[in-house]
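Heads up: the structure comes next, in structure tokens.
Computed from the coordinates by the stated procedures, all read-outs in this text should not be read as laboratory data. These figures come from a predicted structure and were not determined experimentally.
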């Protein structure tokens with residue numbers, strides 16, 4: 001029996017594929033939102049790393 005999270009991942013992948021096939025502009029919007037969220041999280045981490053290194057000095 002496969003782990004339950006693999007079922008969720010497979011289901012999400014199929015749902016995403018259907019969404020992309022049905023509404024391409026919506027898929028572009030989703031990718032853009034994910035990119036912006038990932039970028040802000042990465043920038044927050046970089047800011048935290050810089051402030052930590054300044055505190056050590």
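What fraction of the Cα pairs in the chain, stated in percent, has a spacing above 12 angstrom?
The answer is 76 percent, as a whole percent.
Does anyone have the angle between helix 24-56 and the longest principal axis of the chain? Alpha-carbon axes, 0 to 90°, nearest 10?
Here the helix axis deviates by roughly 20 degrees.
To test your reading of the geometry: what angle, between 0 and 90 degrees and rounded to tens, separates the Cα axis of helix 4-22 from the longest principal axis of the chain?
Roughly 80 degrees, rounded to the nearest 10.
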